[in-house]
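First comes the structure, then the notes that go with it.
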Amino acid sequence: MADPAPFDPAWFNRRRLVIDSATESCSVALFEDDVLLAGECLMLGRGHAERLVPMIAALPDKGRAGTIWVDSGPGSFTGIRVGLAAARALALAWNAQVLGYQSLALVAAMAHAGQDSPTPVDVVMTGGHGEWFFRPFDAAGQPLAPLVSLPPQDVLARLAAPLVAGSQADACAAARPGVETRALWPDARSAGLLAPGLLSDGAAPAYGRAPDARLPAAAAALPA
């Protein structure tokens, strides 16, 4: 059996692993000097926990990198936790840095990538309990308002941009005749489109709405 290749800190520090499992899609990508080396994107719906680690292991050098970007949400509670757990575990093993980005910001960047002259974009993604996540972005991909989770009719009332992108974009078309729509889900292979200012250190989860579970009143009243 051949000896493993020696660890080279030069390529390790230049490489970036991207993990995205916050929504129905599950994707990974490995970049070096902003060049995509390899990546994969699957539309799973469920089963992210079983598929994510093998997808990372299939990347060159098993995805080992000095920096790990991870989608911190909003999206599926389970999918967000799966991605963050994988990123933190690998960062601990590799002594790597973890940075987070939000799913709607990546979708906005992906929507702008196909435009000759970028325009403002409203991003609308599937939320929980029948609600949709909504956030407007300017032509440079910067958010114009806080993220909200609202019933579909309330989101439809807020649409104002000439472009709507996201998993619920096509559902918005009837409410905005003539508006351009792009059905998109976050894809780790497109993470290089994100502006640096949209990254956060530490990758805290951004669930986008309050947890469904609640402590019983008696338990919630107990002192910490």
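The values are calculated or read from the model by the stated rules, or taken from the named source; none is laboratory data. Model, not experiment: these values are computed from the prediction. Here the Cβ is made from the backbone with ideal geometry for all residues, glycine too, and neighbour counts use every protein chain on show.
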Report summary line: With the first residue restricted to region 36-50 and required to be closer than 14 Å to D20 by Cβ, and the second required to be of a type in the set (F, W, Y) and in a loop (DSSP other than H, G, I, E, B), Cβ contacts under 8 Å at 6 or more apart or on different chains are M43/W185
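Counting only residues that are of a type in the set (V, I, T), give me the strands (runs of 3 or more DSSP E) lying completely in region 116-194 with at least 2 of them.
On the way: elements: 121-126, 132-137, 148-150, 163-165, 180-182.
Answer list for region 116-194: 121-126.
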Query raised in the report: Among the residues of region 87-94, is there at least one that is under 27 Å from Q142 (Cα atoms) and either touching an Asp or Glu at 6+ places or on another chain (Cβ under 6 Å) or among the hydrophobic types (A, V, I, L, M, F, W, C) (or both)?
Result: yes
Requested in this report: Name the single residue, out of those in region 33-50 being surrounded by fewer than 22 Cβ atoms within 10 Å (Cβ to Cβ) and more than 24 Å from P196 (Cα to Cα), that is modelled with the lowest pLDDT.
Outcome: G45
Report task. Please state which of the following conditions A111 fails to meet, knowing it meets all the rest: (1) modelled with pLDDT of 95 or more; (2) surrounded by fewer than 16 Cβ atoms within 10 Å (Cβ to Cβ); (3) closer than 26 Å to T181 by Cβ. Result -> (2)
Query - Residue in region 86-93 that is in a helix (DSSP H, G or I), closer than 30 Å to G66 by Cα and among the charged types (D, E, K, R) present - result: yes
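If I filter region 22-30 for residues that are assigned to a loop (DSSP other than H, G, I, E, B), surrounded by fewer than 22 Cβ atoms within 10 Å (Cβ to Cβ), at positive phi and modelled with pLDDT under 95, do I get at least one hit? Working first, answer last.
Keep residues of region 22-30 that are assigned to a loop (DSSP other than H, G, I, E, B), which gives 22-24.
The next check asks that each one be surrounded by fewer than 22 Cβ atoms within 10 Å (Cβ to Cβ); those that pass are 24.
Next, only the ones that are at positive phi stay: none.
Taking every residue of region 22-30 in turn, none turns out to be assigned to a loop (DSSP other than H, G, I, E, B), surrounded by fewer than 22 Cβ atoms within 10 Å (Cβ to Cβ), at positive phi and modelled with pLDDT under 95.
Per-residue answers, yes or no, for (1) farther than 21 Å from G192 by Cα; (2) assigned by TED's automatic domain parsing to the domain that holds A109; (3) touching a residue at least 60 places away in the same chain (Cβ under 8 Å):
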| residue | (1), (2), (3) |
| --- | --- |
| L52 | no, no, no |
| M55 | no, no, no |
| S72 | no, no, yes |
| T78 | yes, no, no |
| R81 | yes, no, yes |
| R88 | no, no, yes |
Report task. Could you grab me the full set of residues in region 118-165 that are more than 16 Å from R176 (Cα to Cα), in contact (Cβ under 8 Å) with a residue 12 or more places away in the chain and among the small types (G, A, S)? Result -> G127, G128, G130, A139, A140, G141, S149
